[in-house]
1. Only one of (1) modelled with pLDDT under 95; (2) within 28 Å of Glu105 (Cα to Cα) is not met by Val57, so which one is it?
2. Do any residues in segment 154-175 that are over 12 Å from Gly222 (Cβ atoms) have Cβ atoms under 6 Å from those of residues that are polar (S, T, N, Q), where the two are at least six apart or on different chains, and which pairs are they?
3. Among the residues of segment 64-86, are any in contact (Cβ under 8 Å) with a residue 12 or more places away in the chain, among the β-branched types (Val, Ile, Thr), farther than 28 Å from Gln145 by Cβ and not assigned by TED's automatic domain parsing to the domain that holds Val214?
4. Among the residues of segment 25-39, are any within 24 Å of Asp120 (Cα to Cα) and surrounded by fewer than 19 Cβ atoms within 10 Å (Cβ to Cβ)?
5. Within segment 53-80, count every residue that is aliphatic (A, V, I, L, M), under 24 Å from the mean Cα position of the chain (by Cα) and assigned to a helix (DSSP H, G or I).
6. Anything in segment 16-66 that is among the hydroxyl-bearing types (Ser, Thr, Tyr) and within 16 Å of Tyr2 (Cα to Cα)? List them, or say none.
7. Against the definition (at pLDDT 85 or above and in a loop (DSSP other than H, G, I, E, B)), how does Gly156 come out, yes or no?
8. Kindly indicate which of Tyr89, Tyr107 is among the hydroxyl-bearing types (Ser, Thr, Tyr), more than 18 Å from Val3 (Cβ to Cβ) and surrounded by 14 or more Cβ atoms within 10 Å (Cβ to Cβ).
Amino acid sequence: MYVLIGGAGMIGLGLAQQLLQQGHTVAIIDIDPLACRFAREKVGVMAFEGSAVSTTVLLEAGIRKADAVVAALKNDALNLALITLSRSYGISHIVVRMGDREFLEAYRLAQASHIINTVDLAVATMANAIEYPEVESMMHFEQGQVEVLKLPVPSGCYVVGRAIAQIAQDPRFPTGSLIIGYQSHASASLEIPNGNTLLEAGSTILVVTRPESVHQMIDFLGIQASHLSSLEVSHPNL
């Protein structure tokens, strides 16, 4: 996949490096010649010096052959312009970094495929770490209407030795919740479990639930904050 990134800041460069490691072809556009030089020499991606909202620069960077465009500029108005230009070149997969929530509706009207508010993500992550110390990590979907929790299954947990189907049928299991991922131990691959999967002590599960059910889920599983210090959990990609 050829991905064109507008903006060689920390987010743009970090994303470029990860995409490159995943086997994609990546190019960055930025007005800062030093940032472009760093992208070429240190990250190893193509870099085009100039404005990411210049049609000349976009064509030079090969926007016509791009499979996806990332608008990671620091200015929301410029990101909006980049989305509009990308659409005019037939790009349908456009990811934008949003700084100001006042641009949310504008980004939607411009038909950005994915709108990522980096500030909101950071704030939510910190708030969750304080409010839910039992949860190793938490992700939000659909503007916070759905949560995906990554939870340890220590010894003494209620669910140890039980099958997922048995757990889901328990009347105390939060309604509308699902166990969607299972990692038997820290170095194991994340698996998609079925109803017969038995949860073992020392494993990790991914659970989908609603925000109002997070505490109920933690209480049902019997997970205490003290368990986290004794369990090493890897970080599978979600």
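1. The failed condition is (1).
2. Ala163/Asn196; Ile164/Thr197; Pro174/Thr209; Pro174/Ser213; Pro174/Gln216
3. Yes.
4. No, segment 25-39 contains no residue that is within 24 Å of Asp120 (Cα to Cα) and surrounded by fewer than 19 Cβ atoms within 10 Å (Cβ to Cβ).
5. 3
6. Across segment 16-66, the qualifying residue is only Thr25.
7. Criteria not met by Gly156.
8. Checking each option against the conditions leaves just Tyr107.
The values are calculated or read from the model by the stated rules, or taken from the named source; none is laboratory data. Owing to the predicted nature of the structure, the values given are computational and were not obtained by experimental measurement. Please note: Cβ atoms are built from the backbone with ideal geometry, for glycine as well, and neighbour counts cover all protein chains shown.
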